[in-house]
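Nothing in this text is a laboratory measurement; each read-out follows from the coordinates by a stated rule. Because the structure is a prediction, the values reported are computed rather than measured. Reconstructed Cβ throughout: ideal geometry from the backbone, glycine too, with neighbour counts over all protein chains shown.
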Amino acid sequence: MIRPAGLAALLLVSGCATSTVTLLKGEGANSAGAVVVLDPKTGEDVKIIDTAGTSASLAGRSATVRSRAADTAERRFSDLLAGIPDPPRRFILVFPEGSTTISPESISVRDAMFAEVKRRGPGVTVQIEGHTDRVGDAADNDRLSRQRAVAARDLLVAQGLDVGITRTVGRGERAPVPGHATADGVEDPVNRRVEIVVR
Amino acid sequence: MVSARISLVIIGALVATSVSAEIATVKRVTGTAMIERNKTPVAVIPGTKLETGDLLTTGKDGRISVTFIDDSRFSVGPGSRIRLTRFDFDDTTHQGKSETRVEKGALAIVSGQIAHENPKGMTVQTPTSVLGVRGTRFVVTVK
């Protein structure tokens, strides 16, 4: 049972809530990107914040912007930023056509992948992602890439990967290896691959 | 009585992980931290799968680190209430929508595939505002 005075105090507190957003430097070599204050009703852009170190205190449509050095903002939130999980790491395995074993040159990559899973420890997950080249119809390639992912998962599980931390994904022909974007219908063995994302 | 309640929570967690509505995985937990799922508390440990609608709560000494299936990552600071209002992600096309509500506390975000693929795909709400995420690393606080 909340007494009226208590309720009023509660409303006052929520009415006075102050929200802020602070844009930080991108991770590694990535640029800072941007955060946009949106009109809560229309979703239109009200204010774009695109410089690392810039903060804005937020109230509906209004945003009061304050600039700081990017490093100052970084230090201010250092404990919070230290809690961001490590970036996912990708490993590319090549399966020779029609084969259920990985190619000899992929063995060291597979071993590095298992080492990364072990290094990350409790809470680690492994996404097994199938890809195709652009031979054949796009919908068929979606199916084929999913089958490729499931086959790779079964192989890795047989080699000791815990099935409970895995998920399989098919990306079809839409994500070629950099430098290997081809016209439709073109064969490219490099794109017939499985990417393992360790998160 | 207390132990009966705890075992119910554990059963709830087991049932929840058996359905594949997984959108994210807890990577690290320190201090007092909990998930509220359908108004029921769920214990949170590294490896706990999160679902749309989950409310992440931390005490004064609590922190939670989370990685989503689109590669976006959260660090939830002490004294926080963070609601995963919406998370739809097509892992074949990378199209999706993500909406997070910071009710209280502090949240650091590194955006992922949803924001990368669609500049209107990821939003963060606070009690006073709505933010559109165009990438990539930022902090939201609500006091």
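Look at the stretch B:69-79: the mean tally of other chain Cβ atoms within 10 Å of its residues' Cβ atoms is 4. Structure note, pairs B:Lys27/B:Lys97; A:Lys47/B:Lys104; B:Lys39/B:Lys60; A:Lys47/B:Lys39; A:Lys25/B:Lys39: Cα-Cα distances above 29 angstrom occur for A:Lys47/B:Lys39; A:Lys25/B:Lys39.
With R₀ fixed at 30 Å, the C-beta to C-beta distance from A:Ala29 to A:Gln147 puts the FRET efficiency at about 0.25.
Distance between the pseudo-spin-label points of A:Arg90 and B:Lys97 (7 Å out from Cα toward the beta carbon): 2.8 nm.
Near A:Ala32, the amide H atoms lying under 5 Å from its own belong to A:Gly26; only residues 5 or more places off or on other chains count, and H is placed 1.01 Å from N.
Take the Cα of A:Asp188, go 7 Å toward its beta carbon, and the backbone nitrogen atoms of region B:70-94 under 19 Å from that spot belong to B:93-94. Here the gap between A:Ala17 and A:Ala158, fully extended at 0.36 nm per residue and compared with their Cα-Cα distance, gives a gain of 45.4 nm. Take each residue of peptide A:50-57, count the partner chain Cβ atoms within 10 Å of its Cβ, and average: the result is 2. Taking 0.36 nm per residue of separation and subtracting the Cα-Cα distance, full extension of the segment from B:Asn38 to B:Asp61 would add 5.8 nm. For the peptide A:29-39, the mean number of other protein chain Cβ atoms found within 10 angstrom of a residue's Cβ is 6.
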